[in-house]
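Input: a single structure, listed below in structure tokens.
The values are calculated or read from the model by the stated rules, or taken from the named source; none is laboratory data. Keep in mind that what you see is a predicted model, and the values were worked out from it rather than measured. Ideal geometry is used to build each Cβ from the backbone, glycine not excepted, and the neighbour counts take in all protein chains shown. Side chains included, ligands, DNA and RNA excluded: accessible areas come from the protein's heavy atoms. Shrake-Rupley method; radii C 1.70, N 1.55, O 1.52, S 1.80 Å.
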Amino acid sequence: MPLLLPPPMRRPMPPPLDPIDSWIFDLDNTLYPPSAKLFDLIDERMGAFIMRLLGVDAIEARRVQKRYFHDHGTTMAGLMRHHGVDPEEFLRDVHAIDLDRLTPDPRLRAGLERLPGRRLVFTNADADYAARVLEARGIADLFDGICDIRITRYTPKPEATAYDVMVAHLGVDPVRSLFVEDMARNLTPAKALGMTTVWLDNGSESGHRDHLPDHVDFHATDIADWLDNLPSPWGIA
């Protein structure tokens, strides 16, 4: 008797975009590419901050930095929990970087302009830094609101409470919202709320960590490409 094999697993079709009226984007390594290496500058300042705080060398500082990042969502959250660090002091220090590595991207701007409804930012950074990044990318005027780490009371993604605060602060309906993020683990709480999710799999550090395919509706490697390839009227006709 022939062996009967189960039918191949088929990934469900992504949800339609017609209901979407809120387009929510992460900031770092999402609205600019990781190839800009902007986060390298922030990493350096984080390391120096930890060296001064704990009196350790660069190797130990990096170990602490990355452990807190992986365990707590952000390095800052770990430093607050374990060392009582003032978050405002930390944010001012690590974001005091030059943004000359960022340049305007006309194709990204055109893709964002085609999106109907509101364009929003949800970031673990602070709003002052986020505004500078958006300005450097030539897209600041396209965004209608920012939910930053201060608004979430210094609770970072992927903590579920941060998403609840974001939804309330930005006034979005999760089932009519789409969230774009380079960190796969940060999509899980969004999906739990009913959001349409886009994983920007572009090589960010630990971007694949805790990747759950069922929590990803769209998979992309470049944000401008993804916007261009959306069906009309969202993409290039």
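General observations
- For residue 45, the criteria (1) open to solvent by less than 70 Å² (accessible area, probe 1.4 Å); (2) over 27 Å from residue 221 (Cα atoms) hold in every case but one, which is (1).
- Candidate set from the stretch 161-188 (those that are under 21 Å from residue 150 (Cα atoms) and polar (S, T, N, Q)); member that is most open to solvent (accessible area, probe 1.4 Å): 161
- For the stretch 112-132, the set of residues classified as open to solvent by 10 Å² or more (accessible area, probe 1.4 Å) and under 25 Å from residue 233 (Cβ atoms) consists of 113, 114, 116, 117, 118, 119, listed by residue number.
Matching residues to (1) surrounded by 12 or more Cβ atoms within 10 Å (Cβ to Cβ); (2) at pLDDT 95 or above; (3) of a type in the set (Phe, Trp, Tyr):
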| residue | (1), (2), (3) |
| --- | --- |
| 12 | no, no, no |
| 31 | yes, yes, no |
| 39 | yes, no, yes |
| 68 | yes, no, yes |
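- Residue in the stretch 146-166 that is in a strand (DSSP E or B) and within 24 Å of residue 36 (Cβ to Cβ) present: yes
- Pairing each residue of the stretch 101-121 that is on the phi > 0 side of the Ramachandran plot and in the same structural domain as residue 139 (by the TED database) with any residue that is open to solvent by less than 40 Å² (accessible area, probe 1.4 Å) and modelled with pLDDT of 95 or more, provided the two are 6+ apart or on different chains, yields C-beta distances under 7 Å for 117/20; 117/22; 117/23.
- Of all residues in the stretch 122-145, none satisfies being of a type in the set (A, V, I, L, M, F, W, C), out of contact with any Ser or Thr (no Cβ under 9 Å at 6 or more places or on another chain) and over 23 Å from residue 38 (Cα atoms).
- Tally, over the stretch 143-160, of residues that are surrounded by fewer than 21 Cβ atoms within 10 Å (Cβ to Cβ) and basic (Lys, Arg): 2
- Just one of the numbered conditions (1) open to solvent by 50 Å² or more (accessible area, probe 1.4 Å); (2) among the charged types (D, E, K, R); (3) in contact (Cβ under 8 Å) with a residue 60 or more places away in the chain is not true of residue 191: (3).
- Matching residues in the stretch 167-188 - criterion: being out of contact with any Ser or Thr (no Cβ under 7 Å at 6 or more places or on another chain), within 14 Å of residue 124 (Cα to Cα) and without any contact (Cβ under 8 Å) to a residue 60 or more places away in the chain: 185
- For residue 139: the one exception among (1) touching a helix residue (DSSP H, G or I) at 6+ places or on another chain (Cβ under 8 Å); (2) surrounded by fewer than 16 Cβ atoms within 10 Å (Cβ to Cβ); (3) touching a residue at least 60 places away in the same chain (Cβ under 8 Å): (2)
- For the stretch 61-114, the set of residues classified as among the polar types (S, T, N, Q) and either in a helix (DSSP H, G or I) or touching a Phe, Trp or Tyr at 6+ places or on another chain (Cβ under 6 Å) (or both) consists of 65, 75, listed by residue number.
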